[in-house]
Amino acid sequence: MSLQSSLAQQALAHRHQAPCPIAQKPVTVRRVSKALRKGVIVHDAAPDGAATAPNPTKSEKVVGGQSNVVAAPSKAATAASGGKGPKMSPMDGNEAAAYIAYQLSDVSFIYPITPSTPMGELADQWASEGRKNAWSNVLSVTEMESETGAAGALHGALAAGCMATSFTCSQGLLLMIPNMYKIAGELMPCVLHVTARAIAKHALSIFGDHQDVMAVRQTGWGMLCSHSVQEAQDLALASHLVTLRSSVPFVHFFDGFRTSHEINKISVISEADVKSIVNQEVYQDAILHHQQRALNPAHPHQRGTAQGSDVYFQMAEACNPYYDAIPDHMEKVFDEVAAITGRRYTPFDYVGHPQAERAIIIMGSGSLIVEEAVNHMIAKGEKVGVLKVRMYRPWSAKHFLGSLPASVKRVCVMDRTKESGAHADPLYLDVIATLAEHEAETNAPRRIVTSGRYGLASKEFTPAMAVAVFNDLAAAKPRKRFTVGIVDDVTHLSLPYGPEINTMPKGTFQCMFWGMGSDGTVGANKEAVKIIADNTPLFAQAYFSYDAHKSGGVTVSHLRFGPEPITASYLVEQADYLAVHHASYMNKYDVLSKIRPGGVLVVNTVFTTQEQISKYLPTTVKKRMAEVKPEFYVIDARAVAEKTGLGKHINMVMQTVFFQLSGVLPIEKAIALLKKSIEKAYSKKGPEVVAKNQAAVDQAVSALRKIEIPAEWATIDTPVVSPAPASKEAATSKLAFIEDVVKPMLALEGDRLPVSVFSPSGFMPPGTTVIEKRAIAAQVPTWVSENCTQCNICSFICPHAAIRPALATPSETASAPSSFNMIKAKGAGLGEYQYRMQVSPYDCTGCTLCVHACPDKALVNKPIASVLEIEDKNWDFFKTLPERTGVLDRTSVKGSQFAVPLLEFSGACEGCGETPYVKLLTQMFGERLIIANATGCSSIWGGSAPSNPYTTNQEGFGPAWANSLFEDNAQFGLGIAMATVQRRRILHRHVQEALADSGVQMSAELRGKLNEWVGHWQDSDVANPVGRELIKMLNEEYKKFPDPHNMDQTVLRLWNERDMLPKPSIWIIGGDGWAYDIGFGGLDHVLASGENINIMVLDTEMYSNTGGQKSKSTPLGAVTKFAAGGKTRPKKDLGAIAMGYGDVYVASACLESNYGQVVKAMNEAEKYNGVSLILAYSPCVMQGIEGGMCNAIEEARTITDSGYWPLYRFNPAIPEDEAHHRFQLDSKKAIKGDVDDVMHHENRFTILERKAPETAKALHAELDASNRERLERMKKMAKGETVTPPHTVHPEPPQTPPASQ
């Protein structure tokens, strides 16, 4: 029997075993009192059609002493599905929650933050399509400048009587706290949907836990927790209903990523059912009540008053009846949800043995894992159970005690949060207080209660860990406090656990796909899950894990499908199908540890014969393959992709292979469905992209090859070898941190690291990216010496510092490899040197920007396999040569590139437009650079542990980099600057005092050098070289005294302060989302401060880090997320705002368009004694540049030539007269072409042209006119003429009816 037919039969059998529907008893509703006694909506019973909980009958399954009754789905749901039952559909937790939120809201205020952003994106998309909500209205969606703004607008919308919602998490939720108190205090119905996420403490993490929601549990909002994707839909509905019933706002939350991004096949509540509930009288009355309390001059009132100590306390207590009534409201709501879905929920759901003696109390997706462990242990005769917390606030002791079996003697409370310094974590405190009160009041036996912490930042939590918790509870003396899932060798709290157990439903097929970021693997697997779920009776689940790189990093897709529902909220451990989409992973990672013996193994590789693959694979891998005996297939997917015009995008090739080998669908049907999904997924990118992907599907199967595993692989000797290149090994021996932390993390073994190897403050040493050696490029540039004019532009443009010029004397290259050829160096002062341009093949990302930038055709791309060994040896030798920083003027394009880049091999996307600016900054000022970096793309490629791309020069000096938050970066940088200025003032005073005191014991040389410094301490050209000399001299002075107490204490004080002798260059760096939106208030304050501080805005014109959402930098007509219909407002002119102060240096630069101008701007900004602002246009993959990021240079030149991005410098230090003007226009004085030249080459504009051509035409014309008017204004400014601010009336663009209408 085939896999397909076997799974289908099991699925049908499972459905036949579902509990029978139970008839519903009608109940009555008492109308809401018009007087709304004490403001509380009170109901005697559930609304018509709601289910009451019938008594269990003998035929009903009883779990844990409770009835597992499933009510009949509503007639509307059955009718909507053609009489076959509710519609089953694959979706992730975000979509499940947003689906309900959209239907039950009139307005939404949104702001992007991972992982909640997709909910806002979906709401915006649906609104742009004209989708109607439950009241036949199109939701009004507004993106705000921050979560603070979203919360304020939410409060205002509620005060005006609308049904409003928002979506957020982590720091975003914390920014809403002040308004959350207000909304709760004013008793306004509202739901916040939260993807519970870690809080930025010692480090930022985008992954899920309960730190953020626990930080708002005191705000007065109700809190309802969903544990699965299905519940994310069901309890979203319950949240919106209970907030209407109670007038208390609710936080509906579910685990970030683990639930928000897990795709699962769920039963979808029909829109008709949602309407049937909210159209009931109880909810119509509640909505009317909310509207009648709104601010309106027709019935005015005042809210938000100031109160004194005489009445504030009493009024704070007046809300108690509302909260007391919520548990009863919640039960009624759960009855209503059960009536339309057949799924019954309670505030606390118990699952397990009816006479359980041990129980775990837990909230969130972890409860599903504990439930699997419970079923496993009950099957072995153990009396255990799990109590799932759904309604966390208000905490109902009555429902808690009523749900926990009286037989339970030992309880462990599992918290997915950490509150440092607290007696215990919050859920435990609620439980222990409830049990203590109950036991004191009833003289009940005292239970043993322990506290466990798990799963911070989505740390893996598995059934084996849950079993370990139950086993610990059974011990004679259970641990009072513990952690599980880590090795704590510092405070020794960690609980050991045994090997993993198999709790998968019978017939579940598990898959793993090892892909590379941006190769399309994740997107293709999402489509595969939807194809399987929508076109077979199988259930399906998908989850995706990522490393820290923006692009080119490791992605692992975990897919499961089978005949029964899949609730495994943990990663695949034993894959039936393992696909390795990049052959190098076979060498780098232990991928074979996750394959089931006899499973299917598919590797994408250029080595497609047994002989070739045998030579390529290391002996350890071959021996492991002989042990697990997989069915082994290979395919050169890159060749197929390139042949069909897809380049590196191998996703559709590998997806076709999956359907061919898995047999989940007949291959003919699978291919037809794949092509259909391609049309849906890529239609926005144009018909050519669709055709290329479909061609790849057609050609995939014929390229597949099966490899028989030779018997001799089983007898291979496997000495310990490292697949890493020698240069990598040499670099790793320098730092224990690299050996103990970085190397295991890069090998994806970070989960196994103990607590002791980490700094509790989260600090990371510099230069750790040097050992990564990812070798992700398919082709790398090689130098053609005879064509080279030594301009260094290729190095200047390289985003990853992977190609660099070398200068060396003949004696220095005497031991060079024979392939390390050099030519005579050109330029003044370089007569003794020879020159070479060298690439690091392991660090190159293959973007080919350098090849496109080279004006002399001195670089040629070659397949990496053909040059890897040679060029790696050349790179190793290149790194031994002396640094030549300063041999030419560092403030020139060519000279800057002889300075060692102190930003290297970052995790940025290939072709990134941000990194060249920051890399250049480190080449010009790196040894004295302090960077305050806003959260965003630049903080992720620049600061994702353990990869620190900021490094040091040979003397140990280098950029000091820090990230605080997203919203506060300007203030954070200002604080750094003010503190640095103050510390240097203090040092200056101490030096003056030391020089004035002739009794201070110091050498004449030291005294002379201090005199030189004290007179020029604010002049960086003098203070920095002299300061570095002083550091050496003070160090020598310190070494003379084995006991520092014997040293002159004045000199010792100077030695302690020596790091402040050089004058730092302080830069505030961030993206446009920070500068134009969430951080603008702080940025404006810094601009107005007059302090000597520099700001660089890396402007991609969208929120590139969170997936491409609209910012105030987004131009007219661009289609982005949160602007699905095209942006209809002009871009904020941040440069004009800054120039308005008159004393701020402002430059607008585009590195790819004008190399010299950006160097001038950085140098002038750094020298300017005041605030400087550089607006740096940064091409980004999210812009959809035609042909890819390799064409970013040509596109950047078009952008400046067309007037779209003007180049200018405004320098207040220049005295204004007839010959000299502060404003200098560096762009061409005449526009070449028009803005259409830009828009036809970027998908963010062409989407609108295809979707709504008339709207696009109108917006593009307006943008072009605005650009031309701005250029004329700037030409006048460049002549010193006074200009008036622009005044543009923005007409309404033509309206194109939504497709849905």
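Structure notes:
- Hits in region 516-543 (condition: more than 20 Å from Ile667 (Cα to Cα), open to solvent by 10 Å² or more (accessible area, probe 1.4 Å) and in contact with an Asp or Glu (Cβ under 9 Å, 6 or more places away or on another chain)): Gly517, Ser518, Tyr543
- Breaking point among (1) open to solvent by 40 Å² or more (accessible area, probe 1.4 Å); (2) touching a strand residue (DSSP E or B) at 6+ places or on another chain (Cβ under 7 Å); (3) part of a loop (DSSP other than H, G, I, E, B), for Glu145: (2)
- Unique residue being at pLDDT 95 or above and either of a type in the set (Lys, Arg) or more than 17 Å from Met188 (Cα to Cα) (or both) when the list is Tyr312, Tyr283: Tyr312
- Of everything in region 647-702 that is closer than 12 Å to Ala637 by Cβ and part of a loop (DSSP other than H, G, I, E, B), the residue that is modelled with the lowest pLDDT is Lys648.
- The C-beta contact set for region 295-317 (first residue within 19 Å of Ile183 (Cβ to Cβ) and without any contact (Cβ under 8 Å) to a residue 12 or more places away in the chain, second residue outside any loop (DSSP other than H, G, I, E, B) and not acidic (Asp, Glu), distance under 8 angstrom, 6+ apart or interchain) comprises Gln307/Met315.
- Flag: Thr620 does not match the condition of being open to solvent by less than 40 Å² (accessible area, probe 1.4 Å), polar (S, T, N, Q) and in contact (Cβ under 8 Å) with a residue 24 or more places away in the chain.
- Tally, over region 1153-1174, of residues that are in contact with a Lys or Arg (Cβ under 7 Å, 6 or more places away or on another chain) and in a loop (DSSP other than H, G, I, E, B): 1
- Some residue of region 363-377 being in contact (Cβ under 8 Å) with a residue 60 or more places away in the chain, in a strand (DSSP E or B), touching a Leu at 6+ places or on another chain (Cβ under 8 Å) and within 18 Å of Val194 (Cβ to Cβ): no
- Failed item, numbered, when Gly1015 is tested on (1) over 26 Å from Pro115 (Cβ atoms); (2) touching a residue at least 12 places away in the same chain (Cβ under 8 Å): (2)
- Checking the stated criteria, Leu1098 turns out not to satisfy the condition of being closer than 27 Å to Lys1167 by Cβ and either part of a helix (DSSP H, G or I) or without any contact (Cβ under 8 Å) to a residue 60 or more places away in the chain (or both).
- From the options Glu371, Glu382, residue that is of a type outside the set (Lys, Arg), open to solvent by 20 Å² or more (accessible area, probe 1.4 Å) and touching a strand residue (DSSP E or B) at 6+ places or on another chain (Cβ under 6 Å): Glu371
- Filtered residues of region 564-597 (kept if under 20 Å from Ile716 (Cα atoms) and assigned to a strand (DSSP E or B)): Pro597
- Taken over region 951-1002, the residue count meeting the criterion of being farther than 27 Å from Gly1170 by Cβ and within 41 Å of the chain's Cα centre (by Cα) is 6.
- Residue in region 177-187 that is surrounded by fewer than 21 Cβ atoms within 10 Å (Cβ to Cβ) and within 24 Å of Gly93 (Cβ to Cβ) present: yes
- Matching residues, region 210-244, being in a loop (DSSP other than H, G, I, E, B), of a type in the set (Gly, Ala, Ser) and over 14 Å from Ala101 (Cβ atoms): Ala215, Gly220, Ser228
- Residues in region 405-436 that are surrounded by fewer than 17 Cβ atoms within 10 Å (Cβ to Cβ) and assigned to a loop (DSSP other than H, G, I, E, B): Ala406, Ser407, Lys409, Glu419, Ser420, Gly421, Ala422, His423.
- Per the conditions (1) under 26 Å from the mean Cα position of the chain (by Cα); (2) crowded, with 24+ Cβ neighbours inside 10 Å, the sole criterion not satisfied by Ala1124 is (2).
- When restricted to residues that are modelled with pLDDT of 50 or more and either crowded, with 16+ Cβ neighbours inside 10 Å or farther than 22 Å from Ser584 by Cβ (or both), region 717-738 contains 5.
- Residue selected from region 188-227 under the condition among the aliphatic types (A, V, I, L, M) and closer than 10 Å to Val251 by Cα, by the criterion surrounded by the fewest Cβ atoms within 10 Å (Cβ to Cβ): Val216
- Region 623-668, residues that are basic (Lys, Arg) and either crowded, with 17+ Cβ neighbours inside 10 Å or closer than 20 Å to Tyr585 by Cα (or both): Lys623, Arg624, Lys629, Arg638, Lys648
- Against the test of being open to solvent by 10 Å² or more (accessible area, probe 1.4 Å), under 25 Å from Leu1207 (Cβ atoms) and among the acidic types (Asp, Glu), the options Asp1099, Asp1048, Asp1143, Asp1043 yield a single qualifying residue, Asp1143.
The values are calculated or read from the model by the stated rules, or taken from the named source; none is laboratory data. None of the values given here were measured: they were computed from a predicted structure. Note that each Cβ is placed from the backbone with ideal geometry, even for glycine, and that neighbours are counted across all protein chains shown. Just so you know, the surface numbers come from the protein's heavy atoms only, side chains and all, with ligands and any DNA or RNA stripped out. Shrake-Rupley method; radii C 1.70, N 1.55, O 1.52, S 1.80 Å.
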